[in-house]
Amino acid sequence: MQGPLKVAFLGASGVGRTSILQQFFKHDFPKDHIRTSKRTVYRSCLVCDTCIRELMVLDVPPQKYFPIDNLAEWNNGNPLGLRTVHTYVLVYDMGNLDTFQYCRNMRDQILESFNHRDFKIMVVGNKVDMVSNPHTQELKDISTLVRKHWRCGYVECSAKHNYKIGDIFKEMMGYPVGGTAPKLEFSQSIGSKNRCTIL
């Protein structure tokens with residue numbers, strides 16, 4: 001078994017980071033918005049094909065700045081463990097495109113703070129159910145920017161309706177999402193390929 005896959009969910013206040021994680025890990029959607037004030041850690045295991053991977057997900061309050069080095073993170077007074085993460089998931093509210101600017105700024109800071117370390121960045125557009133037209137030019141431009149220019153994974157979802165929440169974690173694990181590639185299913189059976197089981 002490999003070591004834990006450490007993931008951090010980052011985003012502006014109210015974009016639904018916690019709701020996505022509650023939906024995935026607890027099959028629950030919080031009715032009221034409660035502002036994230038401290039780090040919460042979610043743990044589980046995923047069985048993908050023949051690989052078992054421990055998953056450790058950090059839900060952290062909105063950060064103004066990404067820690068430029070380990071010393072900066074420790075001097076913060078409340079180290080969040082952001083510099084040892086394998087995947088950064090940047091979440092924005094599709095109904096409030098100003099929240100995408102937070103993702104853009106955080107991505108730039110993450111890239112500037114590391115010289116020689118492997119990590120993955122992906123972007124998640126949440127609250128697709130709140131958008132009257134999800135095919136506006138602005139949203140297409142964001143998708144193109146993320147996928148083609150940043151070369152990052154991109155998923156549009158709805159935590160409220162549990163729509164494409166599993167796709168976030170499929171993308172995170174490196175499995176294809178959408179298109180003509182083989183479909184990966186989260187399942188209680190591990191008898192076939194391209195399936196993931198959440199333990």
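Derivation of every value follows stated rules applied to the coordinates shown; laboratory data play no part. Note that this is a predicted model, so its numbers are computed, not measured. Neighbour counts run over all protein chains shown; Cβ positions are idealised from the backbone, glycine included.
Couple of notes before you dig in:
- Alpha-carbon centroids, region 122-156 and region 99-120: separation in whole Å: 17
- For the listed peptides 91-97, 27-33, 136-142, a ranking on the average number of other beta carbons within 10 Å per residue, highest first, reads 91-97, 136-142, 27-33.
- With 0.36 nm allotted per residue and the present C-alpha distance subtracted, the residue 40-residue 98 stretch has 18.4 nm of extension available.
- For a straight C-alpha distance cut-off of 16 angstrom, the aspartates and glutamates reachable from residue 170 (same-chain residues fewer than eight places away being disregarded) are 49, 54, 156, 185.
- Taking 4 °C and 1.567 mPa s as conditions, region 65-168 diffuses translationally at an estimated 87 µm²/s according to Stokes-Einstein applied to its Kirkwood radius (Cα pairs).
- Entry for region 5-187 at q = 0.09 Å⁻¹: log10 I(q)/I(0) = -0.30, Debye formula applied to identical alpha-carbon scatterers, no solvent contribution.
- Extension gain, residue 78 to residue 140: 0.36 nm times the residue separation minus the Cα-Cα distance gives 18.6 nm.
- Of all lysines in the structure, those lying under 16 Å Cα to Cα from residue 64, and not within fewer than 8 positions of it along the same chain, are 38.
- Segments 156-164, 126-134 sorted - mean Cβ within 10 Å per residue, highest first: 156-164, 126-134
- Multiplying the residue separation of residue 105 and residue 47 by 0.36 nm and subtracting their alpha-carbon distance yields 17.5 nm.
- Global form of region 1-111, assessed from the alpha-carbon gyration tensor, a/c cut-off 1.5: oblate
- Antiparallel beta bridges, as assigned by DSSP with both residues in region 1-71, represent about 65 percent of the total such bridges.
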